[in-house]
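Structure, as structure tokens:
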Amino acid sequence: MNESIESRLEEVRTLIADSCAEYERPEDSVRLLAVSKTRTAEEIMTAFTAGQLCFGESYLQEAINKIDQLKDTEIEWHFIGRVQSNKTRPIAEKFDWVHSIDKLKHAQRLNDQRPDSMPPLNICLQINIDNEETKGGIKPEQAAEMIQQISQLPRLKLRGLMTLPSPTHHIDEQREPFHRLRELRDQLATEALPLETLSIGMSDDMEAAIAEGSTMVRVGTAIFGPRNYQNKPK
Ligand SMILES: *Cc1c(COP(=O)(O)O)cnc(C)c1O
């Protein structure tokens, strides 16, 4: 229970390396994004000092507070939460990646608001792979058109696809939606729309995601322990 962030981080790295070996993938083909929503700047600093470079945040105000506190570090910040139209500017100004784009309007705003002094903002399209009404993400069949539109926006760099399937427990069940996302990626590549990033896999389904070609796993609980939602600002 009282394991340190350093030792949990090491366990997650080992799990990723073991899964890469198991599924015959190069060990450096999967990046680890540490999901730090509800965690303090101190906890993030502990993981950063232990060699973790990328951090993912879901709640904008909380994220901005921490980014400002940690602005003297080289941390790469990824926004993975729901994007709201009236709050795109701080995302455009403070983040390196956004994984959760599901509206062209949001992409256009981020493009217009991205400062010229910064490199293009890296973007993943969120795909609603199970067609769940309550979830964010576009339908798989809308992906090609949205990719073409986003490719026209010079201040954005389209990197890949993200999905957040409903939780299941057995690895074969977990692989199934990831497999469909990977097929979508492969299909798009045949239509001259190649994307290198598959942002899939969390604490409980990392191995399934790596088996299906994940290039970035988004891991919170397995690194930082159970979330404390009391830290989340209103
Ligand atoms: C919270 C969150 C994660 C991390 O989930 P864990 O189960 O804690 O690893 C990954 N992706 C998204 C989009 C999240 O909101």
Note on Ile64: of the conditions (1) part of a helix (DSSP H, G or I); (2) under 23 Å from Gln152 (Cβ atoms); (3) among the aliphatic types (A, V, I, L, M), unmet is (2)
Can you name the number of the only condition in (1) surrounded by fewer than 20 Cβ atoms within 10 Å (Cβ to Cβ); (2) out of contact with any helix residue (DSSP H, G or I) (no Cβ under 8 Å at 6 or more places or on another chain); (3) free of Cβ contacts under 8 Å to residues at least 40 places away in the same chain that Glu93 fails? (2)
Find all pairs meeting these conditions: Cβ atoms under 6 angstrom apart; at least six residues apart or on different chains; first residue within segment 57-71 and under 12 Å from Ala41 (Cβ atoms); second residue at pLDDT 95 or above and more than 16 Å from the ligand (Cβ to nearest atom). Ile64/Pro90; Lys66/Ala41; Ile67/Lys94; Gln69/Ala41; Leu70/Ala41
Hey, can you tell me all the residues within segment 20-35 that are under 25 Å from Ile75 (Cβ atoms) and outside any loop (DSSP other than H, G, I, E, B)? Cys20, Glu27, Asp28, Ser29, Arg31, Leu32, Leu33, Ala34, Val35
Kindly evaluate Lys71 against the criterion of being assigned to a loop (DSSP other than H, G, I, E, B) and not hydrophobic (A, V, I, L, M, F, W, C). yes
Evaluation of Lys135 against (1) in contact (Cβ under 8 Å) with a residue 40 or more places away in the chain; (2) surrounded by 13 or more Cβ atoms within 10 Å (Cβ to Cβ) (one fails), failing number: (1)
Determine whether segment 105-124 contains at least one residue that is crowded, with 16+ Cβ neighbours inside 10 Å and over 29 Å from Lys71 (Cβ atoms). no
Pro194, sole failed condition from (1) open to solvent by 10 Å² or more (accessible area, probe 1.4 Å); (2) modelled with pLDDT of 95 or more; (3) under 18 Å from Ile127 (Cα atoms): (2)
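The values are calculated or read from the model by the stated rules, or taken from the named source; none is laboratory data. Since the structure is predicted, the reported quantities are computational estimates derived from the model, not experimental observations. Positions of Cβ are backbone-derived with ideal geometry, glycine not excepted, and every protein chain shown enters the neighbour counts. What goes into the accessible areas is simple: the full protein's heavy atoms, side chains included, and nothing from ligands, DNA or RNA. Shrake-Rupley method; radii C 1.70, N 1.55, O 1.52, S 1.80 Å.
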